[in-house]
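The block underneath contains the structure these notes are about, expressed in structure tokens.
The values are calculated or read from the model by the stated rules, or taken from the named source; none is laboratory data. Treat the numbers as computed from the prediction; the structure is a model and nothing was measured. All Cβ positions, even for glycine, are placed from backbone atoms using ideal geometry, and neighbour counts span all protein chains on display.
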2 protein chains.
Amino acid sequence: MGEKIRIGIAGYGNLGRGVEAAVARTPDMELVGVFTRREPAAVTPQADGTRVYGWDALARFEDEVDVLILCGGSKEDLPRQGPELAARFNTVDSFDTHARIPEYFASVDGPARAAGTTAVISTGWDPGLFSLNRVLGESILPAGETYTFWGRGVSQGHSDAVRKVPGVAAGVQYTIPSEEAVEAVRRGDRPELSTREKHVRECFVVLEDGADADTVRQAIVTMPHYFEPYDTTVHFITADELTRDHAGIPHGGFVIRSGETGPADDPSGQVYEFSLKLGSNPGFTSSVLVAYARAAHRMNARGDVGAKTLYDVAPGLLSPKTPEQLRAEDL
Amino acid sequence: MGEKIRIGIAGYGNLGRGVEAAVARTPDMELVGVFTRREPAAVTPQADGTRVYGWDALARFEDEVDVLILCGGSKEDLPRQGPELAARFNTVDSFDTHARIPEYFASVDGPARAAGTTAVISTGWDPGLFSLNRVLGESILPAGETYTFWGRGVSQGHSDAVRKVPGVAAGVQYTIPSEEAVEAVRRGDRPELSTREKHVRECFVVLEDGADADTVRQAIVTMPHYFEPYDTTVHFITADELTRDHAGIPHGGFVIRSGETGPADDPSGQVYEFSLKLGSNPGFTSSVLVAYARAAHRMNARGDVGAKTLYDVAPGLLSPKTPEQLRAEDL
């Protein structure tokens with residue numbers, strides 16, 4: 001193993017802490033530090049040895065950081081930070097507003113090409129490994145259907161919607177794949193399924209003092225877009241139960257490609273499935289970012305510059321092993 | 001879509017027929033023909049329009065075939081054909097003798113580099129997509145364990161071993177993942193499992209006239225290496241039942257990476273799983289070969305020559321879509 005890959009973390013929320021922990025578990029990398037837009041002295045890092053710098057300090061670290069992992073949000077932070085930082089660093093991010101990815105790609109690609117940096121955008125698990133498996137499944141089985149199921153996992157948007165209902169003191173919402181739908185797809189039935197048929201929603205709610213449970217339940221299950229189209233269950237629990245049983249951020253899901261091969265008059269059914277069962281959504285996403293940081297560093301070293309998605313990244317570049325090791329040990 | 005990718009098939013057994021059918025399902029490709037070492041007139045292709053040529057005719061098609069898909073066996077055919085044909089064509093193969101892959105890679109790489117061709121070796125599902133997922137899982141979750149389970153599927157080697165037992169007229173062997181072991185791994189238990197604990201074996205046997213069932217069963221279940229180390233079940237059936245119920249070549253399996261992320265004193269469990277449930281093993285393998293043929297053609301066009309494995313192939317190259325389409329539609 002040569003010199004370690006020097007990683008910087010830009011933004012220090014759940015994702016930034018996940019990257020910090022992931023780099024610590026990765027022998028061929030070292031963490032240069034965390035860069036925060038908050039007052040550095042007010043930020044306590046998870047690990048004792050982690051250095052915390054202000055955002056302006058990034059200017060001093062352009063030669064000290066091999067890859068900067070952008071841990072800001074897709075709504076406010078990345079549209080501004082992605083293009084700006086790709087002009088100065090190799091970057092990796094988890095930009096996840098699916099509909100705006102082409103626009104974001106273009107905004108990062110120009111500055112990265114001009115500066116000779118490599119910027120891997122929109123990695124993680126969806127967009128990310130799920131996207132990768134959708135394309136692999138469709139490329140290998142052109143005759144077939146692709147199904148994506150999410151969950152069991154916490155949906156932040158839906159949890160926020162629950163918490164805004166009058167009478168709700170606190171709460172969390174889980175998206176859960178419909179077992180019936182998953183089983184039909186796994187059997188190779190290739191059903192036509194609407195989003196509402198693929199998922200059910202489960203809410204755990206702490207009521208405010210004096211709030212009426214039935215009124216709250218009704219307000220939730222009839223909420224347009226968020227809950228009305230789904231089979232929704234509402235459980236009322238205490239604040240202690242919420243803290244004890246629902247503090248984690250689990251998630252996951254499945255991508256299934258169900259297709260057929262062989263002559264049209266004698267086809268064979270084929271089912272391709274990728275699934276994740278994540279104890280911590282940000283913990284896993286950040287581990288994906290770290291693996292793609294290794295690839296960004298290597299692609300940049302060989303002159304492969306500009307914005308990239310995981311469709312552009314040869315899988316061997318993600319591994320700390322050499323191509324010779326991979327062929328001998330893993331193929 | 002530009003001009004179609006022109007595919008040749010070298011060798012016409014189960015895999016060659018699978019490639020023939022897969023190319024027919026692939027709008028951006030066309031089949032130039034099948035090349036066989038048998039007498040061409042004695043070979044009846046699956047589809048009416050398929051042309052069949054003798055092996056020597058390959059010399060006339062060096063400018064007519066963009067990618068030649070090698071459908072011979074790993075033991076006798078590919079070690080000789082792979083290097084020889086990579087000197088004349090872009091090639092894709094499914095060389096699957098895991099232990100000899102480095103040697104085979106080197107034997108193909110030299111001629112391919114000298115000739116300026118691109119040769120993707122050892123693709124399919126194992127080696128192939130399973131290898132890809134072993135490396136993805138290990139790269140993303142460096143702290144963890146990887147488990148590969150095979151089945152439920154027909155094992156040719158074990159079926160051959162059953163058929164050589166005195167008193168056996170015909171038979172087939174299925175390798176089946178142990179449900180208990182799979183469940184423990186999926187739960188995130190990270191058990192230590194020997195090969196014998198991961199799989200059970202099931203045999204369906206047609207007896208020769210007058211053969212004694214108990215003697216045959218005993219000979220099978222005590223066979224060293226093949227069956228003795230496993231929990232093996234033997235069923236005796238009629239020749240008609242064998243034809244009716246066991247003519248297919250199903251297979252499949254799972255690759256599971258069970259790992260953890262986050263700080264060592266507060267880790268989160270993460271389970272990554274890839275699985276295949278294949279109605280036809282050669283039908284799926286050949287579909288993977290065809291997708292990698294597209295990638296081989298594109299890599300060659302951009303000057304990326306020599307022997308490659310799927311670790312070297314950016315996933316977007318497998319798809320008929322453009323990078324712009326992939327970012328807009330699949331990411």
Only listed residue being within 12 Å of chain A (Cβ to nearest Cβ) and under 16 Å from the mean Cα position of the chain (by Cα), chosen from B:Ser122, B:Ser139 | B:Ser122
Looking only at segment A:246-265, decide whether some residue is in the same structural domain as A:Thr175 (by the TED database), outside any strand (DSSP E or B) and in contact with an Asp or Glu (Cβ under 8 Å, 6 or more places away or on another chain).
-> no
Can you tell me which residue among B:Ala328, B:Ala293 is on the phi < 0 side of the Ramachandran plot and within 8 Å of another protein chain (Cβ to nearest Cβ)?
-> B:Ala328
Scanning for something farther than 21 Å from A:Lys75 by Cα, hydroxyl-bearing (Ser, Thr, Tyr) and surrounded by fewer than 23 Cβ atoms within 10 Å (Cβ to Cβ), does segment A:108-121 turn up at least one residue?
-> no
Here are B:Gly248, B:Gly303, B:Gly279: which of them is more than 7 Å from chain A (Cβ to nearest Cβ), under 19 Å from A:Gly262 (Cα atoms) and either hydrophobic (A, V, I, L, M, F, W, C) or surrounded by fewer than 23 Cβ atoms within 10 Å (Cβ to Cβ) (or both)?
-> B:Gly248
Failed condition for B:Arg298, given (1) more than 7 Å from every other protein chain (Cβ to nearest Cβ); (2) over 27 Å from the mean Cα position of the chain (by Cα) | (2)
Test result for A:Asp56, assigned to a helix (DSSP H, G or I), under 14 Å from A:Lys308 (Cβ atoms) and either among the basic types (Lys, Arg) or not assigned by the TED database to the domain that holds A:Phe254 (or both) | no
Of the criteria (1) closer than 26 Å to A:Thr148 by Cα; (2) modelled with pLDDT of 95 or more, which one A:His235 fails = (1)
For A:Thr26: the one exception among (1) over 30 Å from A:Lys321 (Cα atoms); (2) of a type in the set (Ser, Thr, Tyr); (3) modelled with pLDDT of 95 or more; (4) within 23 Å of the chain's Cα centre (by Cα) = (1)
Exactly one of A:Arg88, A:Arg113, A:Arg134 is part of a helix (DSSP H, G or I), on the phi < 0 side of the Ramachandran plot and more than 10 Å from chain B (Cβ to nearest Cβ), and that one is A:Arg113
Within segment A:130-139, can one find any residue that is modelled with pLDDT under 95, touching a strand residue (DSSP E or B) at 6+ places or on another chain (Cβ under 7 Å) and under 30 Å from B:Gly128 (Cα atoms)?
-> no
Can we say A:Gly72 is in a loop (DSSP other than H, G, I, E, B), more than 14 Å from chain B (Cβ to nearest Cβ) and in contact (Cβ under 8 Å) with a residue 24 or more places away in the chain?
-> yes
Set A:Arg201, A:Arg186: member being within 14 Å of another protein chain (Cβ to nearest Cβ) and either surrounded by fewer than 20 Cβ atoms within 10 Å (Cβ to Cβ) or free of Cβ contacts under 8 Å to residues at least 60 places away in the same chain (or both) = A:Arg186
Selection within segment B:17-39 - within 13 Å of another protein chain (Cβ to nearest Cβ), outside any loop (DSSP other than H, G, I, E, B) and not hydrophobic (A, V, I, L, M, F, W, C) | B:Arg17, B:Gly18, B:Glu20
Within segment A:306-324, count every residue that is more than 10 Å from chain B (Cβ to nearest Cβ) and polar (S, T, N, Q).
-> 1
Report yes if A:Arg17 is basic (Lys, Arg) and buried (at least 20 other Cβ atoms within 10 Å of the Cβ), otherwise no.
-> yes
Based on what the data block shows, is B:Glu241 within 7 Å of chain A (Cβ to nearest Cβ) and either surrounded by fewer than 23 Cβ atoms within 10 Å (Cβ to Cβ) or within 26 Å of A:Lys308 (Cβ to Cβ) (or both)?
-> no
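Every residue, every condition in (1) buried (at least 21 other Cβ atoms within 10 Å of the Cβ); (2) of a type outside the set (D, E, K, R); (3) out of contact with any helix residue (DSSP H, G or I) (no Cβ under 8 Å at 6 or more places or on another chain), yes or no:
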site	(1), (2), (3)
B:Gly8	yes, yes, no
B:Thr26	yes, yes, no
B:Leu31	yes, yes, no
B:Val34	yes, yes, no
B:Asp48	no, no, yes
B:Arg80	no, no, yes
B:Pro83	no, yes, no
B:Asp93	yes, no, no
B:Tyr104	yes, yes, no
Please find, within segment B:228-276, the residue that is farthest from A:Phe284 (Cα to Cα) out of those that are of a type in the set (Val, Ile, Thr) and in contact with a Lys or Arg (Cβ under 8 Å, 6 or more places away or on another chain).
-> B:Val234
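Residue by residue, here is whether (1) aromatic (Phe, Trp, Tyr); (2) assigned to a helix (DSSP H, G or I); (3) within 20 Å of A:Glu84 (Cα to Cα) holds:
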position	(1), (2), (3)
A:Leu276	no, no, no
A:Val288	no, yes, no
A:Ala291	no, yes, no
A:Arg298	no, yes, no
A:Ala307	no, no, yes
List the pairs whose first member sits in segment A:81-93 and is in contact (Cβ under 8 Å) with a residue 24 or more places away in the chain, whose second member is among the polar types (S, T, N, Q), and whose Cβ atoms are under 6 Å apart, counting only residues at least 6 apart or on separate chains?
-> A:Pro83/A:Ser107; A:Leu85/A:Thr91; A:Ala86/A:Thr117; A:Asn90/A:Thr117; A:Asn90/A:Thr118; A:Asn90/A:Asn300
Only one of these is surrounded by 13 or more Cβ atoms within 10 Å (Cβ to Cβ) and in contact (Cβ under 8 Å) with a residue 40 or more places away in the chain: A:Tyr272, A:Tyr174, A:Tyr230. Name it.
-> A:Tyr272
For A:Thr97, state whether it is more than 10 Å from chain B (Cβ to nearest Cβ), of a type in the set (Val, Ile, Thr) and either closer than 30 Å to B:Gly128 by Cα or surrounded by fewer than 20 Cβ atoms within 10 Å (Cβ to Cβ) (or both).
-> yes
Filter segment A:149-168 for residues that are touching a strand residue (DSSP E or B) at 6+ places or on another chain (Cβ under 7 Å), hydrophobic (A, V, I, L, M, F, W, C) and closer than 15 Å to A:Ile220 by Cα and give the result.
-> A:Val162, A:Val168
